[in-house]
1. Of these, 127, 142, 156, which one is in a helix (DSSP H, G or I), surrounded by 14 or more Cβ atoms within 10 Å (Cβ to Cβ) and of a type in the set (A, V, I, L, M)?
2. With respect to the numbered conditions (1) assigned to a loop (DSSP other than H, G, I, E, B); (2) modelled with pLDDT under 95, which one is the sole condition not fulfilled by residue 12?
3. Would you please list the contacts, defined by Cβ atoms under 7 Å and residues six or more apart or on different chains, that run from a residue in the range 112-134 that is over 19 Å from residue 146 (Cα atoms) and of a type in the set (S, T, N, Q) to a residue that is within 11 Å of the ligand (Cβ to nearest atom) and assigned to a loop (DSSP other than H, G, I, E, B)?
4. Take the range 171-194 and flag every residue that is more than 15 Å from residue 114 (Cα to Cα) and either within 13 Å of the ligand (Cβ to nearest atom) or not aliphatic (A, V, I, L, M) (or both).
5. Restricting attention to the range 111-124, report how many residues are open to solvent by 20 Å² or more (accessible area, probe 1.4 Å) and either in a helix (DSSP H, G or I) or at pLDDT below 90 (or both).
6. Residue 202 fails exactly one of the following numbered conditions: (1) crowded, with 24+ Cβ neighbours inside 10 Å; (2) within 15 Å of the ligand (Cβ to nearest atom); (3) not in a strand (DSSP E or B). What is the number of that condition?
7. Hey, can you tell me all the residues within the range 91-110 that are away from the ligand (no atom under 16 Å from the Cβ), open to solvent by less than 70 Å² (accessible area, probe 1.4 Å) and in a loop (DSSP other than H, G, I, E, B)?
8. Here are 214, 224: which of them is part of a helix (DSSP H, G or I) and either under 14 Å from residue 112 (Cα atoms) or in contact with a Cys (Cβ under 8 Å, 6 or more places away or on another chain) (or both)?
Amino acid sequence: MRSALFLLFIFCFTAQAKVVLIDPGHGGEEIGAVGHLDAKKSRKIFEKDLSLRLSKKVKDRLSQHTSAYLTRSMDRIVSLQERADLADLVKADLFISIHFNSSTNAQSHGFEIYYLDNNSNVATNKVERAENLNLKGEEHTVNQILIDLVVQQTVVHSRKLATYVHEKVKPVVKSFNMSDRGIKPGLFYVLALSKRPGLLIEAGFVSNPKELKMVNEEKYLDQMAKGIADGVLAYIKDSKL
Ligand SMILES: [Zn+2]
């Protein structure tokens, strides 16, 4: 009995010891995409604020079961390299970057999950460019050798993590009548620099007024956070990380 309890303790300890780093996209002067809640464009919503709100909710849910940290907990600028360095500092096992999408086509809508891999899709390239920009609007440069190495080491795990998160998020997407744009490979530098299995989540389009109104609601952010956290936890459990 005693040894069974001891084993249970060991199991619980190892199950809880996994570290997830949640990365709210953008911050400070780097506002990310901008959406407008009204036609007069007087009520602006910034991607940096939405991503922080959703990230905090994901972190709170994960913290009930495992170790979770944020790359920023307030509205401040953090470079992609600093975000990646934090992954080393907290010894993160998984890295989840949270963003909201934008398009010049105001009709574009939906939810999508990216994992780090090479791709040649034109639509994905646009998202990559938006998320890989620095404050001056220039694209960060990341060594292709590093990217290839990280892809090689993480792609199997990241793809699997994406399927777990997608599975738990699917019912949420459906309940909000959102379009499910699925799982895609993408070259996101923050994922390459973090050197860990991870995802970049685009949790809706701020450039679509109808979708912006919806994703700005606490109800949406709560349920989406639950879906993401449940997916990450299911992956941790099944992968015996
Ligand atoms: Zn973004």
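The values are calculated or read from the model by the stated rules, or taken from the named source; none is laboratory data. Treat the numbers as computed from the prediction; the structure is a model and nothing was measured. Here the Cβ positions follow ideal geometry from the backbone for every residue, glycine too, while neighbour counts run over all protein chains shown. Surface accessibility is based on the protein's heavy atoms, side chains included, excluding ligands, DNA and RNA. Shrake-Rupley method; radii C 1.70, N 1.55, O 1.52, S 1.80 Å.
1. Details: 142 fails: in a helix (DSSP H, G or I); 156 fails: surrounded by 14 or more Cβ atoms within 10 Å (Cβ to Cβ).
Checking each option against the conditions leaves just 127.
2. Going through the list (1) assigned to a loop (DSSP other than H, G, I, E, B); (2) modelled with pLDDT under 95, residue 12 breaks only (1).
3. Going by the 7 Å Cβ cut-off, there are no qualifying pairs.
4. 171, 174, 175, 176, 177, 179, listed by residue number.
5. 6
6. (3)
7. Listed by number, the residues that qualify are 92, 93, 106.
8. Working: 214 fails: either under 14 Å from residue 112 (Cα atoms) or in contact with a Cys (Cβ under 8 Å, 6 or more places away or on another chain) (or both).
The conditions single out 224.
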